[in-house]
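Single-structure report; data block below.
The values are calculated or read from the model by the stated rules, or taken from the named source; none is laboratory data. Computed from a predicted structure; not experimentally measured. Note: ideal-geometry Cβ built from the backbone for every residue, glycine included; neighbour counts use all protein chains shown. With ligands, DNA and RNA removed, areas are computed over all heavy atoms of the protein, side chains included. Shrake-Rupley method; radii C 1.70, N 1.55, O 1.52, S 1.80 Å.
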Amino acid sequence: WKTKYSKLALKEAHSTPLELHSQVQTALSILLERGCLFRDLVQMKGKDMFTPVSRVLIGAPGHTYKYLNTRLFTIPWPASGAVVRYCDDEVARACQAVKDLNDYLCVEAKRCLTRREGALSAAETTANVTREMERETNNRTVFNVALLNYMDPAAMSYLKEEPYFGMGRMAVSWHHDENLVDRSPVAVYSYSYKGNAESILEKLSYDLSSEQEKKKKQASTHKSPAKKSCSAEGDEKPVSGRDCTVWRIALKVAWDIHTAGLALPLHSGDCYFMLDDLNMTHQHCVLAGARPRFSSTHRMAECSAGTLEYIFGRCQVALNNLHKDPSSERPSLVSLEVSVLKQAEEIHNEVEFEWLRQYWFQGRRYAKFSDWWCKPMERLEELWREMELMTWLVLCTVEGEGCPAADRREAVQGVLPLLEERNQLRQHWRARCQSRLAKTLPADEEPICHPYWSDHNASMPLPFDLQEILSRLEDIVSPTG
């Protein structure tokens, strides 16, 4: 542990305030019982599939988190300056509890990093270096999202065996967490769930002496170089000193199956922290226990291109090239420079495929929590419609009789690849919305192909299917055009 896994830290359940345990575990139970955790329809290697884990993203208002070609939109937790209308008080309290846990884990992650970095000898550390380290630690421990996961092993038809160290059945296979700020920690709160029959306070009444004795017996589970597995699915007997009913987090050096892996038992209410660059240098997996389990994973998502503030700023950049006559409202383009036209079409694609279609592909799930995203997405669609108008103006210009041949060809060569990409992605997202798996989802989660319009829709300047337009543009840039 000290040599290969020193950046993993464990905080046992008994060292976390009982009141926080109660609030968080009540919140997680409520979200599950209300149907507010979802199996995402993601895409891996070009193939749609449901995640085995049900999840929901709660976090800073206007933030998103992207993984496996799926952009999750935060259910906003309470934040200064943000007005959030939750669907009811239970959901509001649940989001507040996740925010309280997030604040607590930010402090604990900072303590873990400070202790670790404080291990540097005084001879190696100047006052300036110490201050810089403190600033960096503060910047890296402001978690902006919490990804809540839930999995019931009994509901899974098949769980793969861990292939390298014989650690047992995997609920989540070996991976790195995606889309995080470099060297930022990840904090995880683990809760083994029994349902309404079990009192939360009863669960938290620890007999510390028996708990310590249990951990001694499980010490051999920490390192797993040998191929000794838990028994077959459904058998809860300990094998090779391991209690197969207990959930475990496992780590290994990335792309290395020779260095011994680490499997750390997680009891209900335990927290663990992956510090500094551990998520980059190592992979982790989750080894299934017997009971259903929640994990609340708090992270600093890399949101430089993933917030409402960002995408509205991008829209403004594109729309700076659109002018409307104050009296007639007649639209025109400010500049016909190819670089300006290309930039606007790139932003057009980003808004449509990274935001609008991602949002509507998840159906109306977010309405279960709040109406917070409704107005921003309506506004984003309004701006996207303006960009459709700008594309129409570009086409009117390049296909007009007054456009010099050389300028026409240069402009078309600049925008044609972006329009081809747009047409391909529209067909791709439409097919995903109509897929067999998509049709199995409940009505409020079923993907919606939006925006979509017929050729007879007079409010849209261009058709949904751009193939005919693309053919005309290809003729312009062809050698005989």
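Looking only at residues in segment 288-305 that are of a type in the set (A, V, I, L, M) and closer than 22 Å to Arg71 by Cα, which one is least open to solvent (accessible area, probe 1.4 Å)? Going through the qualifying residues, I end up with Ala301.
Taking residues in segment 287-308 that are under 27 Å from Val351 (Cα atoms), and partners anywhere that are hydroxyl-bearing (Ser, Thr, Tyr) and open to solvent by less than 20 Å² (accessible area, probe 1.4 Å), the pairs with Cβ atoms closer than 6 Å and at least 6 places apart or on different chains are Met300/Ser184; Ala301/Tyr65; Gly306/Thr64.
Only one entry of Thr51, Thr70 meets the criterion of being without any contact (Cβ under 8 Å) to a residue 40 or more places away in the chain and under 28 Å from Ala155 (Cβ atoms), and that entry is Thr51.
Name the pairs whose Cβ atoms lie under 8 Å apart, with the first residue in segment 451-464 and surrounded by 10 or more Cβ atoms within 10 Å (Cβ to Cβ), the second hydroxyl-bearing (Ser, Thr, Tyr) and in a loop (DSSP other than H, G, I, E, B), and 6 or more positions between them or separate chains? Listed by first residue and then by second, the contacts come to Trp453/Ser459; Phe464/Tyr452; Phe464/Ser454.
Selection of first residues in segment 426-445 that are modelled with pLDDT of 95 or more and of a type in the set (A, V, I, L, M, F, W, C) and of second residues that are part of a loop (DSSP other than H, G, I, E, B) and open to solvent by less than 40 Å² (accessible area, probe 1.4 Å), restricted to Cβ pairs under 8 Å at least 6 apart or on distinct chains, gives the following pairs, ordered by first then second residue: Trp429/Cys449; Cys433/Pro447; Cys433/Cys449; Ala438/Pro447; Leu441/Gly363; Leu441/Pro447. One residue alone among Ala443, Ala431 is in a helix (DSSP H, G or I) and not hydroxyl-bearing (Ser, Thr, Tyr), and that residue is Ala431. Could you list, in sequence order, the residues of segment 268-287 that are open to solvent by less than 20 Å² (accessible area, probe 1.4 Å) and part of a loop (DSSP other than H, G, I, E, B)? Matches in segment 268-287: Ser268, Gly269, Asp270, Leu275, Asp276. Within segment 166-185, residues that are open to solvent by 50 Å² or more (accessible area, probe 1.4 Å) sit with their Cβ atoms under 6 Å from residues that are charged (D, E, K, R) and assigned to a strand (DSSP E or B), at 6+ positions apart or across chains, in these pairs: Asn179/Lys66. Beta carbons closer than 7 Å, at least 6 apart along the sequence or on distinct chains, pair a first residue in segment 12-23 that is at pLDDT 95 or above with a second that is polar (S, T, N, Q) and not in a helix (DSSP H, G or I) for Ala13/Ser268. Considering only segment 29-47, I want to know if a residue exists there that is open to solvent by 20 Å² or more (accessible area, probe 1.4 Å), assigned to a strand (DSSP E or B) and farther than 23 Å from Trp355 by Cβ. There is at least one residue in segment 29-47 that is open to solvent by 20 Å² or more (accessible area, probe 1.4 Å), assigned to a strand (DSSP E or B) and farther than 23 Å from Trp355 by Cβ.
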